[in-house]
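Here is the structure we will look at, set down as structure tokens.
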Amino acid sequence: MDARAIIAGVRDRQGLPADAARWFADGLASGAVSDAQAGAFAMAVLLNGIGAEGRVALTRAMRDSGRVLEWSLPGPVLDKHSTGGIADSVSLLLAPALAACGAFVPMISGRGLGHTGGTLDKLEAIPGYRTDPGLDRLREVVREVGCAIVGASADIAPADRRLYAIRDISGTVESIDLITASILSKKLAAGLEVLVLDVKAGSGAFMKTLDDARALARSLVDTANGAGCRTVALITDMNQPLGQSAGNALEVLEVMETLTGSAINEALWEVTSALGGEALALAGLAGDATEGAAMIEEALESGRAAATFGRMVAALGGPADFVERYPDRLPAAPVTRPVPAPRAGFVTAIDGSALGQTVVRLGGGRLVGTDRVNPSVGLSRLSRIGDEVDRGEALAFVHAATDAAADAAVAAVAAAYALAAEAPREPKLVVERVAE
């Protein structure tokens with residue numbers, strides 16, 4: 001077997017058998033497959049697809065190209081993955097809430113991609129927090145605390161790391177087959193028993209239409225279950241930011257306010273409880289998703305999730321008193337400006353991608369991979385669809401490093417909001433459920 005024969009098979013619509021997937025993934029990890037061959041493979045998959053069996057085979061092969069964690073814990077091992085959105089800090093709420101309900105959560109997360117924020121970037125706004133503790137320390141923290149949110153180490157799904165970079169430069173990012181294998185190979189390498197997926201649809205998501213989100217959700221759910229991990233997906237609305245803050249330290253601040261009960265964000269709360277309820281039910285820790293959602297809400301309301309989050313932060317190098325002193329521990333931008341509404345009316349639409357790009361241009365994300373992220377900048381008190389504003393009233397607040405950056409961001413945010421005289425119907429947060 002060689003790379004040319006495997007590529008030719010996909011090119012000729014013959015699919016991707018399991019042995020071919022294993023050979024190619026091993027070759028990606030070892031370097032035996034060249035960049036040119038990897039690019040040709042990715043383009044063949046994009047153009048012709050590899051079918052349901054091929055997706056399972058590629059996912060398993062990329063998972064097995066590196067280290068696959070095994071656990072011996074007194075409870076189920078769960079995780080959650082989001083396809084990316086604006087002001088979406090659910091992971092920071094859900095991981096400690098699941099742990100407080102008896103689950104163990106080795107959450108391997110990523111950095112910001114395009115206009116969407118990254119969980120690791122948010123956590124690195126916390127002074128001292130280590131997102132790369134190594135697998136041994138990850139095991140210790142998950143066992144001791146119940147959850148750990150970290151990045152993938154070099155020996156987790158190395159075939160995916162190689163193919164991911166090739167996809168970015170070969171025009172093949174959009175392939176649902178490759179998206180599915182990329183997401184799931186890293187998640188399943190964490191040794192999960194249960195996975196819950198948050199597939200975003202709307203202006204602030206990568207999948208702009210509901211049909212595209214359904215196709216991705218179905219591919220992810222079928223492939224993960226086919227690879228032996230019990231999985232369910234919720235399609236959730238991303239036609240507006242989920243939270244009211246976008247930017248790394250600002251989103252952590254919003255999470256802490258919700259965890260401690262000082263200022264609860266209802267949208268974040270609803271999506272967190274819905275995803276958590278599905279995960280607990282699938283893991284057998286709750287009778288059904290409704291009971292599971294109530295368990296998540298109790299963990300949040302009682303402060304047990306906040307206490308778990310604090311232990312995780314301390315165990316991974318952050319301040320031991322973070323839950324008590326988080327306003328003092330998080331960096332703040334030197335310039336804050338309101339975004340005045342150009343006229344009175346109701347918010348009828350929000351360009352989520354434009355808001356995400358504004359945060360990136362402020363320095364809160366990366367235009368290229370080598371950019372350094374400024375954790376303090378971003379947007380806060382974002383108005384939501386259905387809100388009524390007067391002329392000159394703040395639609396949002398900009399947090400910037402300089403006056404010039406603030407001026408540009410104010411104009412961009414104002415342009416991202418549509419106002420009308422009549423109130424619109426607010427979008428439903430949880431749109432659909434996709435299961436096996």
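Listed values, structure above:
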read-out	value
Search result, residues across segment 54-84 that are at pLDDT below 95 and more than 20 Å from residue 135 (Cβ to Cβ)	82, 83, 84
Segment 230-249 - residue that is out of contact with any Asp or Glu (no Cβ under 7 Å at 6 or more places or on another chain) and within 21 Å of residue 433 (Cα to Cα) and, of those, surrounded by the most Cβ atoms within 10 Å (Cβ to Cβ)	238
Residue identified as surrounded by fewer than 22 Cβ atoms within 10 Å (Cβ to Cβ), part of a loop (DSSP other than H, G, I, E, B) and among the hydrophobic types (A, V, I, L, M, F, W, C) among 32, 8	32
Any hit, segment 356-378, residues being at pLDDT 95 or above, in contact with a strand residue (DSSP E or B) (Cβ under 6 Å, 6 or more places away or on another chain) and hydroxyl-bearing (Ser, Thr, Tyr)	no
Residue within segment 180-197 that is open to solvent by 30 Å² or more (accessible area, probe 1.4 Å), at pLDDT below 95, outside any loop (DSSP other than H, G, I, E, B) and over 30 Å from residue 348 (Cβ atoms) present	yes
Extreme residue, farthest from residue 247 (Cα to Cα), among residues of segment 380-400 that are open to solvent by less than 30 Å² (accessible area, probe 1.4 Å) and assigned to a loop (DSSP other than H, G, I, E, B)	386
Unmet criterion (only one of (1) touching a Leu at 6+ places or on another chain (Cβ under 6 Å); (2) within 30 Å of residue 63 (Cα to Cα); (3) at pLDDT below 95) for residue 238	(1)
Qualifying residue in segment 271-284 (condition: free of Cβ contacts under 8 Å to residues at least 40 places away in the same chain and open to solvent by 40 Å² or more (accessible area, probe 1.4 Å))	no
Selected residue (criterion: most open to solvent (accessible area, probe 1.4 Å)) from residues of segment 327-379 that are assigned to a strand (DSSP E or B), within 29 Å of residue 208 (Cβ to Cβ) and aliphatic (A, V, I, L, M)	349
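The values are calculated or read from the model by the stated rules, or taken from the named source; none is laboratory data. Just so we're clear, the structure is a prediction, and the values are computed from it rather than from any experiment. All Cβ positions, even for glycine, are placed from backbone atoms using ideal geometry, and neighbour counts span all protein chains on display. What goes into the accessible areas is simple: the full protein's heavy atoms, side chains included, and nothing from ligands, DNA or RNA. Shrake-Rupley method; radii C 1.70, N 1.55, O 1.52, S 1.80 Å.
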